[in-house]
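Student: Below: one structure in structure tokens.
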There are 2 protein chains.
Amino acid sequence: MKTSNDIINCRSCIYRNLLYDKLNDKEYGQVNSARTEYIYQRGELIKQEGDKIKSFLYLRVGLVKLFKTDHFGKDHILSINKPGDFISLLSIFSNSTYKYSISALEETHVCEVALPVLKNLVASNGAFALKVLNRMSHISDTIIENSFRINQKQVKGRIAHILLFLADKIYHGHTFRMPITRREVGELISMTTENTIRTLSEFKKDGIISMDGKTISILDYGRLVKVSKSG
Amino acid sequence: MKTSNDIINCRSCIYRNLLYDKLNDKEYGQVNSARTEYIYQRGELIKQEGDKIKSFLYLRVGLVKLFKTDHFGKDHILSINKPGDFISLLSIFSNSTYKYSISALEETHVCEVALPVLKNLVASNGAFALKVLNRMSHISDTIIENSFRINQKQVKGRIAHILLFLADKIYHGHTFRMPITRREVGELISMTTENTIRTLSEFKKDGIISMDGKTISILDYGRLVKVSKSG
DNA sequence: TAGTAATTATGATTAATATCATATTAACAA
DNA sequence: TTGTTAATATGATATTAATCATAATTACTA
């Protein structure tokens, strides 16, 4: 991990409207001076379960996974997050330590804003407080909704769900490079690596997708949607 | 559902320290006049997925389940909530309609506070805003943590988990009346009714619990903890 | 660039769970 | 009270997914 030398400040950040558009000049100054942008490489751990929470985390560039490790040592992925997401927001107002770990799936830039500064702004700026509540609610809802969707399906449906998630929510296209391994897909949908691989092979054989190394193309989107709904 | 005639106001509510202790006299007045307490009987639907969100919901007495229905018509229970819990808090700041349903598992009293009043308080009272964020974060974390715990276990471990949850978090004792049917237990842990019943019978045969109608006693707490961790 | 480890891949077998079937008991309403 | 429905219960069978085994390929590193 290294510190970014970008001259970007919050006011010129393309994601400012997601949160900081409620601030005035003075408040912008406060956030900017309490802010550091860090760069992580693929595979790097950004935060580990148990780490003390000292700042608010904002994903500016890249892709990360939020995960927890169970007492067998097996990882369970809670969510995959993309630029603009508040990757610390679940815990910072109720816990003193992270209840999950975060690691980079590709080169990732994370803005960290010292927590006391953020809390002061929440306490002093009502519109900002409502915006934080709104965004925080949204990210939790997404994780809960996702786990609900996964739980009602079996392997085929779960894999289809993940492929559609990557195509629609992350890459906005039908061809993309898998950002996670088959094992990680399994950790995301509570399935073994072998069955994950097997199911992808089956989709390929059935002409629903094509695979070339890490690159996946969805050939029959409609059928994938159907599978994601039924099985 | 009927309206309560209780003379209780927020200031004298035993749960006031969970949220309202940050308010001054005038603000208390605002909450009290925007507040109605409703009483629901066992089985009554309190809110239905899709209902418009008009108020903040506070569970004062009783027990409820939060659940979603999938497109096969099968219910999935997200959580069981008890007095003091904010049963609307996941959605009210990011959605206009409920994304889940709420129903009463026993006689339940719910305080409803008109949403605009609550939002005004968040915007004008910083300490109150931080408290709301804190409590909101907490309830989401619990649901996510729970789904993580359930997902790493198989039937026996899941049933053990639920029995421990009821004993430790809801009834604070080793003997209690099951507030939900076996089918609902299954909906809570993503298992069929038959396997839920089978597993409970097995626990009984093994001397871990005893069952008398709806009443369950945990006879061997240590063993139950062990099962909840391993299987 | 050779060697090592991780990932992808597939088959065979075992274990877990769902489904189907059928009673029994409990709860509820007419 | 009786009829009706929901809940609990248990066995047999089918389905699904996990585990074990082994190999090929890819990625990483010394």
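Student: Averaged over peptide B:115-128, how many Cβ atoms belonging to another chain are found within 10 Å of each residue's Cβ?
Tutor: Rounded to a whole number, the mean comes out at 3.
Student: Now for a different question. Take chain A, connect every pair of alpha-carbon atoms lying under 10 Å apart with a spring to form a Gaussian network, then pick out the residue of A:75, A:85, A:141 with the largest mean-square fluctuation.
Tutor: The residue that fluctuates most here is A:141.
Student: In addition: If you place +1 on the Cβ of every Lys and Arg, -1 on the Cβ of every Asp and Glu, and leave all else neutral, what size is the dipole of the protein assembly as shown about its Cα centre, to the nearest 20 Debye?
Tutor: Taking the Cα centre of the protein assembly as shown as origin, the dipole is about 320 debye.
Student: For residue B:58, what is the net charge nearby, where nearby means another residue's Cβ is under 11 Å from its Cβ and Lys, Arg count +1, Asp, Glu -1?
Tutor: Its environment carries a net charge of +1.
Student: Just to confirm the number: angle between the C-alpha axis of helix B:221-230 and the first principal axis of chain B, 0 to 90 degrees, nearest 10?
Tutor: Taking Cα atoms only, the helix is inclined about 90 degrees.
Student: Measure out, as a whole number of angstrom, how far apart the alpha-carbon centroids of segment A:13-34 and segment B:100-126 sit.
Tutor: With segment A:13-34 and segment B:100-126 each reduced to a Cα centre, they are spaced 30 Å.
Student: How many angstrom separate the Cα center of segment B:178-208 from the Cα center of segment A:162-231?
Tutor: 34 Å
Student: Using a 1.4 Å probe over the heavy atoms of the protein chains, calculate the carbon and sulfur portion of the accessible area of chain A as a whole percent.
Tutor: 50 percent
Student: Based solely on its DSSP helices, what 222 nm [θ] is calculated for chain B when runs of n ≥ 4 H residues each add -39,500 (n - 2.57) and the sum is averaged over all residues, nearest 500 deg cm²/dmol?
Tutor: -12000 deg cm²/dmol
Student: Now a separate question. With no solvent and one equal point scatterer placed on each C-alpha of chain B, evaluate the Debye formula and give log10 I(q)/I(0) for q = 0.10, 0.11, 0.14, 0.17 Å⁻¹, two decimals.
Tutor: Taking Cα atoms of chain B as identical point scatterers yields -0.51, -0.61, -0.93, -1.23.
Student: For the protein assembly as shown, what is the accessible area per residue in Å², given a 1.4 Å probe and the full set of protein chains?
Tutor: I get 44 Å² per residue for this part.
Student: Once the label point is set 7 Å along the Cα-to-beta-carbon vector, what list of distances in nm do you get between residue B:51 and its counterparts in the other copies?
Tutor: Ordered by increasing distance: 4.1 nm.
Student: Could you give log10 I(q)/I(0) at q = 0.26 Å⁻¹ for segment B:152-230, computed by the Debye formula over C-alpha point scatterers of equal weight, without solvent?
Tutor: For the requested q values the scattering log ratios are -1.51.
Student: Which of these, A:124, A:147, A:201, has the largest mean-square fluctuation under a Gaussian network model of chain A (Cα springs below 10 Å)?
Tutor: A:124
Student: Quick one: putting +1 on the C-beta of Lys and Arg, -1 on the C-beta of Asp and Glu, what dipole do you get for segment A:152-230 around its Cα centre, in Debye to the nearest 20?
Tutor: 140 debye
Student: Explain nothing, just compute: Karplus ³J(HN,Hα) = 6.51 cos²θ - 1.76 cosθ + 1.60, θ = phi - 60°, for every residue of segment B:118-129 in order, whole Hz, x for Gly and Pro.
Tutor: Each residue of segment B:118-129 in turn: 5, 5, 4, 5, 4, 6, 9, 10, x, 5, 5, 4 Hz.
Student: Just for the Cα atoms in segment B:57-146, what are the lengths along the principal axes, largest first, rounded to whole Å?
Tutor: Taking max minus min along each principal axis of the Cα atoms, segment B:57-146 gives 44, 27, 25 Å.
Student: How crowded by other chains is B:142-154, given as the mean number of beta carbons from other chains within 10 Å of each beta carbon?
Tutor: 5
Student: If you take the beta carbon distance between residue A:230 and residue A:124 as r and set R0 to 51 Å, what does 1/(1 + (r/R0)^6) give as a FRET efficiency, to the nearest 0.05?
Tutor: Efficiency for this residue pair is about 0.50.
Student: Give the accessible area for residue B:230 in Å² (nearest 10); use a 1.4 Å probe, count only protein heavy atoms, and leave out ligands, DNA and RNA.
Tutor: 80 Å²
Student: In nanometres, what is the gap between the two model label sites at residue B:206 and residue B:170, each 7 Å from Cα along Cα-to-Cβ?
Tutor: The two pseudo-label positions are separated by 2.1 nm.
Student: I've got another one for you. Suppose every Lys and Arg Cβ carries +1 and every Asp and Glu Cβ carries -1, with no other charges. What dipole size does chain B come out with about its Cα centre, to the nearest 20 debye?
Tutor: So the dipole magnitude of chain B works out to roughly 320 debye.
Student: Let me ask another. For a test of understanding, tell me how many lysine pairs in segment A:162-231 have Cα atoms under 21 Å apart, given they are 8 or more places apart or on different chains.
Tutor: Lysine pair count for segment A:162-231: 9.
Student: Based solely on C-alpha atoms, express the radius of gyration and the Dmax of segment B:1-52 in angstrom.
Tutor: Just the Cα atoms of segment B:1-52 yield Rg and Dmax of 13.6, 37 Å.
Student: Would you pull out the residues with amide H under 5 Å of residue B:55's amide H, same chain only if 5 or more places away, H placed 1.01 Å from N?
Tutor: B:115
Student: According to a simple spin-label model (label point 7 Å from Cα along Cα-to-Cβ), what is the distance in nm between residue B:61 and residue B:134?
Tutor: 2.8 nm
Student: Another question, if that's okay. Could you point to the residue in A:53, A:125, A:93 farthest towards the positive end of segment A:2-143's charge dipole, with +1 and -1 charges on the Cβ of Lys/Arg and Asp/Glu respectively?
Tutor: A:125
Student: Now a separate question. Semi-axes of the equivalent ellipsoid for segment B:11-91, please: Cα gyration tensor eigenvalues, times 5, square-rooted, ordered largest first, whole Å.
Tutor: Over the Cα atoms of segment B:11-91, the semi-axes work out to 28, 13, 11 Å.
Student: Could you work out which residue, out of A:207, A:29, A:73, moves most in a Gaussian network model of chain A, that is, has the largest mean-square fluctuation with Cα springs under 10 Å?
Tutor: Most flexible of the set in this elastic network: A:73.
Student: Let me ask another. Suppose you put the label 7 Å out from Cα in the Cβ direction; list, shortest first and in nm with one decimal, how far residue A:220 is from each other copy's label.
Tutor: Once sorted, the set of distances for residue A:220 reads 5.2 nm.
Student: Quick one: how many lysine pairs does segment A:2-143 have with C-alpha atoms less than 14 Å apart and a gap of 8 or more or different chains? Give me the count, please.
Tutor: Lysine pairs meeting the criterion: 11.
Student: Another question, then. Would you tell me the mean number of C-beta atoms belonging to other protein chains that fall within 10 Å of each C-beta in A:93-102, as a whole number?
Tutor: Average neighbour count from other chains, rounded to a whole number: 3.
Student: Testing the spin-label approximation: label points 7 Å from Cα along Cα→Cβ at residue B:142 and residue A:24. State their distance in nm.
Tutor: It is 3.9 nm.
Student: While we're here: Calculate the translational D of the protein assembly as shown in whole µm² s⁻¹ from Stokes-Einstein, where the hydrodynamic radius comes from the Kirkwood formula applied to all Cα pairs, the temperature is 37 °C and the viscosity 0.692 mPa s.
Tutor: Approximately 137 µm²/s, per Stokes-Einstein.
The values are calculated or read from the model by the stated rules, or taken from the named source; none is laboratory data. Just so it is clear, the structure is predicted and the values come from calculations on it, not from any experiment. Cβ: placed from backbone, ideal geometry, glycine included. Neighbour counts: every protein chain shown. SASA here: full protein model, heavy atoms, side chains in, ligands and nucleic acids out. Shrake-Rupley method; radii C 1.70, N 1.55, O 1.52, S 1.80 Å.
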